[in-house]
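A.B. asks: Got a structure for you, questions after.
FYI, it's all coordinate maths here, none of it is from the lab. These figures come from a predicted structure and were not determined experimentally. Cβ atoms come from the backbone with ideal geometry, glycine included; neighbour counts cover every protein chain shown.
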2 protein chains.
Amino acid sequence: MRVVKSRSKGYRAERELVHTLWRLGFAVMRAPASGARIKKAEYPDVVAIMKGRVAVFEVKSRASSSGLYIELEQIKKLIDFAERAGGTPYIAIKIPHKEWKFIKVSKEGIKESKTYKVSKEDIEKAPGISGVLADLGLMKTLTDYIRESDT
Amino acid sequence: MRVVKSRSKGYRAERELVHTLWRLGFAVMRAPASGARIKKAEYPDVVAIMKGRVAVFEVKSRASSSGLYIELEQIKKLIDFAERAGGTPYIAIKIPHKEWKFIKVSKEGIKESKTYKVSKEDIEKAPGISGVLADLGLMKTLTDYIRESDT
């Protein structure tokens with residue numbers, strides 16, 4: 001039961017991220033759902049593309065802003081996918097009633113261990129969606145988005 | 001039974017296309033499977049990205065090289081997705097024991113009807129994967145690929 005709950009929470013977070021990115025103007029695709037027949041691990045959770053700029057996301061939903069550990073294999077696949085695409089890999093973290101946080105990952109950040117650590121401080125200092133747009137050189141998009149939301 | 005057979009044939013074709021594109025160096029993602037809970041229609045069947053160049057595919061598997069009709073709504077979504085991504089939309093057609101054929105679609109090609117027609121002649125004259133790489137400005141990749149396959 002607990003697994004099911006946590007899985008559906010994860011889906012909800014993914015869906016929310018997909019909608020946010022779509023509203024910003026991205027073409028967005030979610031990975032096939034995990035399951036016996038399809039290995040989700042091959043794909044990032046979400047891929048977003050705008051004007052040839054690419055962001056790939058591993059989505060994590062957390063009850064509180066404590067740190068977390070992610071399997072190194074998953075992070076390596078995320079980085080590999082981003083490299084092939086010519087894009088930027090992120091861990092996207094959603095904590096209820098707070099903004100999304102986006103932690104950019106890189107090969108250099110990988111330590112000699114089986115897990116990739118994201119500390120509480122990493123999450124706190126991570127930027128929101130504007131950081132992703134800035135990384136991708138798409139800041140104008142956000143300005144348009146805010147203007148649109150205001151009217 | 002017939003539906004199930006045809007659906008699994010479709011999956012097989014998609015998987016084959018994913019593998020081909022992955023071997024060429026693309027980051028590739030398949031859409032979530034169709035089903036009651038996930039509307040596949042929102043996404044193209046396959047998205048491939050390399051160095052910021054993007055190709056999106058609607059995959060069709062056919063027993064013979066006769067023409068086919070595709071729902072216009074599907075084509076429109078394919079084009080919309082490609083426009084957002086800054087990429088190129090294709091119908092990818094697989095006929096057993098033949099090469100993949102890639103038909104580029106465009107808004108201009110949309111006629112006033114409920115379906116998008118792909119004629120037998122359209123399929124016959126359509127290029128293979130090299131056409132896609134040429135469109136995306138990635139021909140060097142194919143040369144490397146062939147060289148690698150030769151050795």
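A.B. asks: Using a label point 7 angstrom from Cα along Cα-to-C-beta, what distances in nm, from shortest up, separate A:S8 from the other copies?
C.D. replies: So the label point of A:S8 gives 3.1 nm to the other copies.
A.B. asks: Where the label is 7 Å out from Cα toward Cβ, how close does A:K125 come to the same position in every other copy, in nm, shortest first?
C.D. replies: A:K125 label point versus its equivalents elsewhere: 6.0 nm.
A.B. asks: Sorted from shortest, what are the nm distances separating the label point of B:E108 from equivalent points in the other copies, each placed 7 Å from Cα along Cα to C-beta?
C.D. replies: Inter-copy label distances (nm, one decimal, shortest first): 4.6.
A.B. asks: In the range B:49-151, which GluC sites (Glu not before Pro) are in a loop and have at most 13 other Cβ atoms within 10 Å, using DSSP for the loop call?
C.D. replies: B:E99, B:E112
A.B. asks: Of B:K76/B:K120; A:K104/A:K140; A:K9/B:K51; A:K60/A:K107, which ones are farther than 30 Å apart at the Cα?
C.D. replies: In this structure, A:K9/B:K51 exceed 30 Å between Cα atoms.
A.B. asks: Same structure again: Tell me, A:K9, B:K77 in order of fewest to most beta-carbon neighbours within 10 Å?
C.D. replies: Result, fewest neighbours first: A:K9, B:K77.
A.B. asks: When a/c reaches 1.5 or more, the comparison of a/b and b/c decides; with that in mind, is the range B:2-137 rounded, prolate or oblate per its Cα gyration tensor?
C.D. replies: It comes out rounded by the Cα gyration axes.
A.B. asks: If you don't mind, there's one more thing I want to ask. Gain in length, A:S64 to A:R15, computed as 0.36 nm per residue apart minus the alpha-carbon separation, to one decimal in nm?
C.D. replies: Extra length available between A:S64 and A:R15 comes to 15.7 nm.
A.B. asks: Give, in nm to one decimal, the length gained when the segment between B:T115 and B:W22 is fully stretched (0.36 nm per residue of separation minus the Cα-Cα distance). If you can, show how the numbers build up before the last one.
C.D. replies: Working: separation 93, 0.36 × 93 = 33.48 nm, distance 3.10 nm.
Extra length available between B:T115 and B:W22 comes to 30.4 nm.
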